[in-house]
Amino acid sequence: MLKEKLKGHTIILASGSPRRQQYFKELGLDFKVNIKPIEEAFPNHLKLEKITNYLSQLKAVPFKDSLLENDILITSDTIVWHNDEQLGKPKNADDAINMLKKLSNSWHSVVTSVCFTTKDLQKIVHHITRVKFKELNLKEIEYYVKEYSPMDKAGAYGIQEWIGLIAIEEIEGSYPNVVGLPTHLVYKTLLSMANA
């Protein structure tokens, strides 16, 4: 349905995340992947979706002059927010272990922003999902970090992996958002852009 409406548009997904790419396939969309690396730095005073809004917009900057009339560029960013602190991708295994210790036996928020950029306009949407972890023991944390190497994931975990099965007690909000893409918002926004 959405694919039909978007005929004549080229969707460019600027993400190397296999999880995001899989969601786009499952939404039935034709898209191409084009990644232009940027330094993911943001002003210190930003919090929650202000961080992900800023970074998803920043990721669109290198493409701005090369977009054609019918291109829709999609950039996104996900962070984990816990106790007034942003947990990004861990630097190493020790950092990952420390992050998971922080998340153990507590609630945290997973925030994703998605930025849609065309030659003429830019829209940003975001979603916040709250997640409750059980109390994790050190053996469980060390096993997960060793076996699954979560260095490319915000907050040092992937909900779709082993840790999601054993640790997550409650979720409030979108599950796909925790994986890295609020698919309901992507669908709704692309539909509105196709109908515009």
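The values are calculated or read from the model by the stated rules, or taken from the named source; none is laboratory data. If you're wondering where the values come from, they're calculated on a predicted model, not measured in any experiment. Ideal geometry is used to build each Cβ from the backbone, glycine not excepted, and the neighbour counts take in all protein chains shown. Surface accessibility is based on the protein's heavy atoms, side chains included, excluding ligands, DNA and RNA. Shrake-Rupley method; radii C 1.70, N 1.55, O 1.52, S 1.80 Å.
One table, with the values for the structure above:
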item	result
Evaluation of P18 against (1) closer than 26 Å to K188 by Cα; (2) surrounded by 12 or more Cβ atoms within 10 Å (Cβ to Cβ) (one fails), failing number	(2)
Check on L181, touching a residue at least 60 places away in the same chain (Cβ under 8 Å) and closer than 30 Å to T10 by Cβ	yes
Complete set of residues in segment 118-173 that are open to solvent by 70 Å² or more (accessible area, probe 1.4 Å), polar (S, T, N, Q) and either part of a strand (DSSP E or B) or touching a Leu at 6+ places or on another chain (Cβ under 6 Å) (or both)	Q122
Near pairs, Cβ below 9 angstrom, 6+ apart or cross-chain, from segment 126-146 (closer than 18 Å to G158 by Cβ and touching a residue at least 24 places away in the same chain (Cβ under 8 Å)) to any residue that is open to solvent by 80 Å² or more (accessible area, probe 1.4 Å) and of a type outside the set (D, E)	H127/H184; T129/Y175; K132/N105; F133/N105; K134/N105; L136/K101; L136/N105; I141/K101
Test: residue in segment 30-39 that is under 20 Å from H127 (Cβ atoms) and either in contact with an Asp or Glu (Cβ under 8 Å, 6 or more places away or on another chain) or free of Cβ contacts under 8 Å to residues at least 12 places away in the same chain (or both)	no
Residue ID - least open to solvent (accessible area, probe 1.4 Å), chosen from residues in segment 66-105 that are without any contact (Cβ under 8 Å) to a residue 60 or more places away in the chain, part of a strand (DSSP E or B) and touching a strand residue (DSSP E or B) at 6+ places or on another chain (Cβ under 8 Å)	D77
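Okay, residues lined up against (1) modelled with pLDDT of 95 or more; (2) closer than 19 Å to N177 by Cα:
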position: K47; (1), (2): yes, yes
position: E69; (1), (2): no, no
position: S76; (1), (2): yes, yes
position: G88; (1), (2): no, yes
position: N98; (1), (2): yes, no
position: K101; (1), (2): yes, no
position: S104; (1), (2): yes, no
position: H108; (1), (2): yes, yes
